[in-house]
Amino acid sequence: MSAIPALRLAARAERLGTEGAFSVLARAKELERQGRDVIHLEIGEPDFDTPAHISESAWAAIRSGATHYCPSAGLPELREVAAAHLAASRGIDVEADRVLVATGAKPFLFFGVLATCEPGDEVVYPDPGFPIYESAIRFSGATPVPLRLHEEADFSFSLEELDRALTPRTRLVILNSPQNPTGGVLAPSDVAAAAELITASDAWVLSDEVYSEIVYEGEFRSIAAEPGLPQRTILLDSLSKTFAMTGWRCGYAAVPEPLVEPLTRFIVNSTSCVPPFVQHAAISALTGPMDEPRAMVEEFRLRRNLLVDGLNALPGVSCRLPAGAFYAFPNISAVGVEADDLASLLLEDAGVAVVSGSAFGLHGTEHLRLSYANSRENLDRALKRICRVLEKL
Ligand code: PLP
């Protein structure tokens, strides 16, 4: 083979981060290929099947020829349905012409940052938080300003710290509730107080609400319901988690009017559109029965209780009870092993795949993230394996 020429890579490609969970998944799959038994608690996707009526709508749409390009902003019927869903679930007014559809929530995070931020701008984002936030901010050339989530306050942020983080250069504030990786749900009073601080700034808001339907206790409140916020908020939701549709790639957002056209151009330039048969499935999901998604949440609740009780019984481990999403984020600082090392020990020696909290930012380094989107039986087995590792340390 001829030598590989030393061609140059653009600097921006180096600025793009990644998701630790996918790296752990790759290593876990490699171990499985070698014949090892691995319990997967690393990846954030429901282990349930997509409800049958949703899949059936996609088949019907394919049979009726919905297999061609369609409007980049989304099928008008889906934009109507998504607007009605966002309006009813958040208690706000949403016009269908402010709703866009993309291949999951992720493009809205990426395009939302790229459309609003440039070098010299600052972006406030939760830490620990979903790693794509920091990745997109760095890619845009803007400066990431982490807003610490405090474990002792069930992973809420301090309003004084938010106030200090907001400067005349702040162009965007990213909020996420219920949260990945902590499972925390922001209290309505904090959401209202944050909204007041943000309206005094020149910042857009990106509110990542992909876990809004997975709440066990307390009240989920969208910042988009606060006075003055709809005009500056990209309100983001997705079919991935609510309907166990991670692989379908369909998300939707209500965006301020001035962002509709620019964000649509990002979609035109990248994916053109979401496959129309997927959008027909989305219409069926958003207008159909909610009994399966609700049953899924009830099962997650039982798993959460089992896992968190089990974690708290382990030596050196303490875990807050998460109020939403499907992650536990135990503190392992008393174990005496760094989170990165403990995560690899658990995978390599015990066949339990978890993600080190360091994958979610500086303030996650004393934690592990465990997804409980796995059966109660497997969670039980995983806890026993983790216990054996910790007892040997
Ligand atoms: N936002 C958060 C907080 C997430 O945890 C995830 C996925 O894990 C996403 C967005 C991406 O969701 P989607 O599959 O809709 O792109």
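The values are calculated or read from the model by the stated rules, or taken from the named source; none is laboratory data. Just so it is clear, the structure is predicted and the values come from calculations on it, not from any experiment. Glycine also receives a Cβ, built like all others from the backbone with ideal geometry; neighbour counts cover every protein chain displayed. In case anyone asks, the SASA skips ligands and DNA or RNA and just uses the protein heavy atoms, side chains included. Shrake-Rupley method; radii C 1.70, N 1.55, O 1.52, S 1.80 Å.
The table for this structure:
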{"read-out": "Pair list, Cβ under 6 Å, 6 or more apart: segment 297-313 residue assigned by TED's automatic domain parsing to the domain that holds residue 372 and more than 13 Å from residue 325 (Cα to Cα), other residue open to solvent by 70 Å² or more (accessible area, probe 1.4 Å) and assigned to a helix (DSSP H, G or I)", "value": "306/376"}
{"read-out": "Subset tally (residues that are out of contact with any Ser or Thr (no Cβ under 7 Å at 6 or more places or on another chain) and more than 16 Å from the ligand (Cβ to nearest atom)) for segment 27-59", "value": "20"}
{"read-out": "Residue count for segment 263-301, restricted to those that are in a loop (DSSP other than H, G, I, E, B) and either open to solvent by 10 Å² or more (accessible area, probe 1.4 Å) or more than 16 Å from the ligand (Cβ to nearest atom) (or both)", "value": "8"}
{"read-out": "Residue 249, sole failed condition from (1) open to solvent by less than 10 Å² (accessible area, probe 1.4 Å); (2) under 21 Å from the mean Cα position of the chain (by Cα)", "value": "(1)"}
{"read-out": "Failed item, numbered, when residue 174 is tested on (1) in a strand (DSSP E or B); (2) touching a residue at least 40 places away in the same chain (Cβ under 8 Å); (3) away from the ligand (no atom under 16 Å from the Cβ)", "value": "(3)"}
{"read-out": "Residue in segment 155-168 that is of a type in the set (A, V, I, L, M), open to solvent by less than 10 Å² (accessible area, probe 1.4 Å) and not in a helix (DSSP H, G or I) present", "value": "no"}
{"read-out": "Set 349, 380, 341: member being under 17 Å from residue 23 (Cβ atoms), among the acidic types (Asp, Glu) and either over 23 Å from the mean Cα position of the chain (by Cα) or at pLDDT 95 or above (or both)", "value": "341"}
{"read-out": "Residue match in segment 120-142 (condition: within 16 Å of the ligand (Cβ to nearest atom), out of contact with any helix residue (DSSP H, G or I) (no Cβ under 8 Å at 6 or more places or on another chain) and farther than 21 Å from residue 358 by Cβ)", "value": "no"}
{"read-out": "Among (1) surrounded by fewer than 17 Cβ atoms within 10 Å (Cβ to Cβ); (2) assigned to a loop (DSSP other than H, G, I, E, B); (3) out of contact with any Lys or Arg (no Cβ under 9 Å at 6 or more places or on another chain) - the single one residue 74 does not satisfy", "value": "(1)"}
{"read-out": "Of residues in segment 2-25 being aliphatic (A, V, I, L, M) and closer than 22 Å to residue 383 by Cα, the one least open to solvent (accessible area, probe 1.4 Å)", "value": "21"}
{"read-out": "Helices (runs of 4 or more DSSP H) fully within segment 1-66 counting 2 or more residues that are within 30 Å of residue 291 (Cβ to Cβ)", "value": "52-63"}
{"read-out": "Pairs, first on the phi > 0 side of the Ramachandran plot in segment 90-106, second within 16 Å of the ligand (Cβ to nearest atom) and open to solvent by 70 Å² or more (accessible area, probe 1.4 Å), C-beta under 7 Å, six or more apart", "value": "104/249"}
{"read-out": "Qualifying residue in segment 369-377 (condition: part of a helix (DSSP H, G or I) and touching a strand residue (DSSP E or B) at 6+ places or on another chain (Cβ under 7 Å))", "value": "no"}
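Condition check ((1) farther than 20 Å from residue 130 by Cα; (2) open to solvent by less than 20 Å² (accessible area, probe 1.4 Å); (3) at pLDDT 95 or above) across all residues:
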residue	(1), (2), (3)
170	no, yes, yes
188	yes, no, yes
198	yes, yes, yes
201	yes, yes, yes
208	no, yes, yes
211	no, yes, yes
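For (1) more than 16 Å from the ligand (Cβ to nearest atom); (2) surrounded by fewer than 22 Cβ atoms within 10 Å (Cβ to Cβ); (3) not assigned by TED's automatic domain parsing to the domain that holds residue 178, each residue gets a yes or a no:
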site: 78; (1), (2), (3): no, no, no
site: 83; (1), (2), (3): yes, yes, no
site: 86; (1), (2), (3): no, no, no
site: 91; (1), (2), (3): yes, yes, no
site: 96; (1), (2), (3): yes, yes, no
site: 103; (1), (2), (3): no, yes, no
site: 108; (1), (2), (3): no, no, no
site: 111; (1), (2), (3): no, no, no
